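Structure first, commentary second.
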Amino acid sequence: MSAPTTTPAPGRPVPLQPEPRRRGRRRSFGGGGPLVYAVAALVVVVTVAPVAYAFLGGFRSNAQLAADPVGLPSPWVVDNYVAVLTSASFWRYTLNSTLVALITTVVVSVLGVMAAYPLARYRFKGREALALVFTLGLLFPLTVAIIPLFLLVRDLQLTNTVWGVALPQAAFALPLTVVILRPFLAALPKELEEAAAIDGASRIGFFWRVLLPLSGPGLVTVGVLAFVASWNAYLLPLLVLSDPASQTLPLGVASFSTQYAQDTAGVLAFTSLAMIPALVFFLAMQRRIVNGLQGAVKG
Amino acid sequence: MTPRPTGADVAASPRGAAGAADRPDRSAAPARPSGGGRRRSSSRLSARTRTRLEIAFFTGPALVLLGLFIVVPVLQAVRYSVFDWNGLGPLDDFVGLDNYARALGDTVFTGAVVNNFVIIALSIAIQLPLGLAIALLLNRDIRGRGFLRVVIFMPYVLAEVVAGVVWVLLLQPNGLVDAVVEGVGLGGLTQLWLGDPDIALGTVMVVLTWKYLGLAVILFLAGLQGVPEDVYEAAQLDGASWWQVQRRVTIPLLGPTIRTWGFLSMIGSLQLFDMVWILTGGGPANSTVTMAIYLINQGTERGLYGYASAVAVLLFVISLVLAVLYQTFVLRRDNEVAPKPRRAAR
C-alpha cells in the first residue's frame, strides 16, 4: 500500500491512546436480517474471490485453467508452488524485501521518536516552527521528488543497495511518524518527568529509561505502518533496484509475471506466495494497522 | 547506519550526547541556573545551551534525513525543470519555462490530468456510498462482524503490484471475470477489459474500488464508534426507523470523518502509479495514463529528466492547489488545519 497508505493525513495529529473502545455496544439498533447477511456475504465473496482465485489457481495446471477458468483444482497440482519455493530468486526477493522493510522501519522509528521527544516535551522558542517542518513534509509525496531522488541515490552510489531504497523511504515516512508520535508522547503524564528529575535522571536519561519504554504502543503503530508501506513499495525500488539480485518482492512479482506470461498457473503460485508474508503480518498486526490509520485521521 | 548529521548538527550531536554521558545523573535538575554548577561540564554549558544541544541531538538526525531525501530532491526538481537535461553531463541547457509550456501543450499530459480528475471524482462517487453502506452494515450487531472487518480491509494491505498482477490474470480474455459475466447470462458483454481504450479506465476504477474500499470502511467505522449511544436511544424512543436514524443522525455526525477520508482519497488518486502501471501501463492508446505514469515514462524511460521534473512540479502544484481548496472549502468547518496538536472537540 505504498502511496495511499502513507498518504499524509491532514494536519491534525491525534493522540494514539490505547483505545478504550466499548465493543459490541450497538446491540440496541439493528441486528441482522437475512438481507443484511446476504449483502455481507456478497461483499465477502467479491473481496476474497481474486485472492482465493490466485491461491487455488496456483494448485491447477495451465491446461486446467484454460479449460475452465472457474473450476477447483482437479487433481491438485503442487508443482507450481514447489517450483517457486525451490527457486533461489523467490527467496532472494523475499530476503531483500525483508531487509529493506526492516531498515526502513528501524530508521523511521528511532529517528521519529527522537525527533518527537523534544517537540512534545521541551519548551523552547521555535518549537512550533520546528514541528511545522515535519507537518509540511506531509505535503511532499515521493512521486514529486522521484526523478531527483533517483539521481541523488545514483550519485551517492546507493543504486542496487537496500540503503538506496530504505533511507529515502524512511525520510518520506518520517513526517507522518512524527505527527503521530508527538501527541502520543505529549499525552504521557507530566509527573513522570518530575519524578525522574527528583531521582536525578537527566532529560536524556529520562528519554532512554522512561519515555522509550512507555512509547512502545505508539512506536509499534508507526513501525507497522512504515513496514507495510515499505514492503509494498514499488515506484522507488523500480528505479533504484535495476539489478535482479537486489530487487524486492513487488519487483519480482512484476518481472516474473511478464517473463512467464504464458505460465498463468506459475504466475498465480508466485503471486500467492508473495502475498503470504503480507497477509500473515496483516492478520497479526491488523488491530495496530487499523488503529494507526484511524488515529491518523480521526479525532 | 543513519547518515551523519552535517554542519551545525555534527558539532551539536556528539557533544550533546557526551554531555549527557559524562554528567552524573544527580546533577541534571532541568532548570539549573547557569553559573551554579560546580562540575566543569555544567559550568561550561549553561542550562540553555545544554537544552539547545539536546534538541539538536534529538531532532538533528531526522532533520538531516528529511533535508537530504526530501528538501534537496524537491528543490532539485524545480531546478532541473528549467533545463533540457538527460540526467548525465552538465546542467547547461537552460530553457526557461519551455518544459512547462511543452507539458501543458501535450495532449497526453493534459489527458493524464483529466484522467486523474476523473479518478478522483469516481473514487469518491463510488467509494463513498458503498463504503458508507458497508460501514453502516458492519456497525449493526451481526454475527461475524470482526471477521467481516478483517476481510474487507485485506485488499488494502496487499501490495498494489501483487493485487494488480492477479487482476490482470482475472481480466484476461477467458479469465475469471469473463466466466462470471457469462455465468450470469451476460455472455455478450465480455470485453477486452484492459485492452479497449473506451473501457480500460472503467476497468481500472473497478480494481481501484476493490483495493481501496476497505480504507473507507475502516475509517467510517471508526467515526461511527464516536457517535454516542444515547443519540440512538433518543431517536428510537421518538419512533425513528433504522434508516431514518442513519440518514438524519448518523451520517451527518460522520461528516468530519467523511471529509477527511475524501482528502486522503483525493491525494492518493493524484499520486496514483503502481496499480495502473501494472494493469495497463497507461495504455491502451494512453487512455489510462496518469500524471505519475507520464512522469516516469518521460523521465526514466525516455531520459528527459528536465522535462519530467517540470511534470513533477506541475503535479505538485496541482496537488497543492487541490489540497488548499479542499482545506478551505471542505475541511474548514472541521477546524482541521491547525498544525498544533489539538484535541478535537467532538
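The values are calculated or read from the model by the stated rules, or taken from the named source; none is laboratory data. Everything quoted here is computed from the prediction, not taken from an experiment. Here the Cβ is made from the backbone with ideal geometry for all residues, glycine too, and neighbour counts use every protein chain on show.
Computed values, structure above
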read-out	value
Filter result for the condition that a residue is crowded, with 21+ Cβ neighbours inside 10 Å and within 23 Å of A:Phe256 (Cα to Cα), over A:Tyr93, A:Tyr117, A:Tyr81	A:Tyr93
Any pair with Cβ under 9 angstrom, 6 or more apart, that starts in segment B:258-272 at a residue that is facing chain A (nearest Cβ under 7 Å) and ends at one that is crowded, with 23+ Cβ neighbours inside 10 Å and of a type in the set (D, E, K, R)	B:Thr260/A:Arg12
Flag if B:Leu66 is buried (at least 21 other Cβ atoms within 10 Å of the Cβ), modelled with pLDDT of 90 or more and part of a helix (DSSP H, G or I)	yes
Leading residue by the ranking (farthest from A:Asn291 (Cα to Cα)) among those in segment B:126-146 that are small (Gly, Ala, Ser) and buried (at least 17 other Cβ atoms within 10 Å of the Cβ)	B:Gly131
Test set (1) assigned to a helix (DSSP H, G or I); (2) farther than 19 Å from B:Gln271 by Cα - B:Thr203 fails condition number	(2)
Whichever residue in segment A:121-141 is more than 8 Å from every other protein chain (Cβ to nearest Cβ) and touching a residue at least 60 places away in the same chain (Cβ under 8 Å) and, among such residues, is farthest from B:Ala47 (Cα to Cα)	A:Leu138
A:Thr105 being under 30 Å from A:Thr161 (Cβ atoms), modelled with pLDDT under 90 and under 21 Å from the mean Cα position of the chain (by Cα)	no
Qualifying residue in segment B:290-302 (condition: modelled with pLDDT of 90 or more and either outside the structural domain of B:Gly105 (by TED's automatic domain parsing) or over 20 Å from the mean Cα position of the chain (by Cα) (or both))	yes
Filter pass, A:Leu241 being within 11 Å of chain B (Cβ to nearest Cβ), of a type outside the set (Phe, Trp, Tyr) and on the phi < 0 side of the Ramachandran plot	no
Residue check, B:Arg52 charged (D, E, K, R), modelled with pLDDT of 80 or more, within 30 Å of A:Val106 (Cα to Cα) and outside the structural domain of B:Gly268 (by TED's automatic domain parsing)	yes
Residue within segment A:177-187 that is at pLDDT 90 or above and within 8 Å of another protein chain (Cβ to nearest Cβ) present	no
Test: residue in segment B:235-253 that is at the interface with chain A (Cβ under 10 Å from one of its Cβ atoms), of a type outside the set (Ser, Thr, Tyr), part of a helix (DSSP H, G or I) and under 28 Å from B:Phe117 (Cα atoms)	no
When residues of segment B:147-191 are limited to those that are facing chain A (nearest Cβ under 7 Å), assigned to a loop (DSSP other than H, G, I, E, B) and over 24 Å from the mean Cα position of the chain (by Cα), the one surrounded by the most Cβ atoms within 10 Å (Cβ to Cβ)	B:Gly175
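Yes/no per residue for (1) modelled with pLDDT of 85 or more; (2) more than 30 Å from B:Leu138 (Cβ to Cβ):
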| residue | (1), (2) |
| --- | --- |
| A:Leu35 | no, no |
| A:Ala41 | yes, no |
| A:Ala49 | yes, no |
| A:Ala54 | yes, no |
| A:Val70 | no, no |
| A:Asn80 | yes, yes |
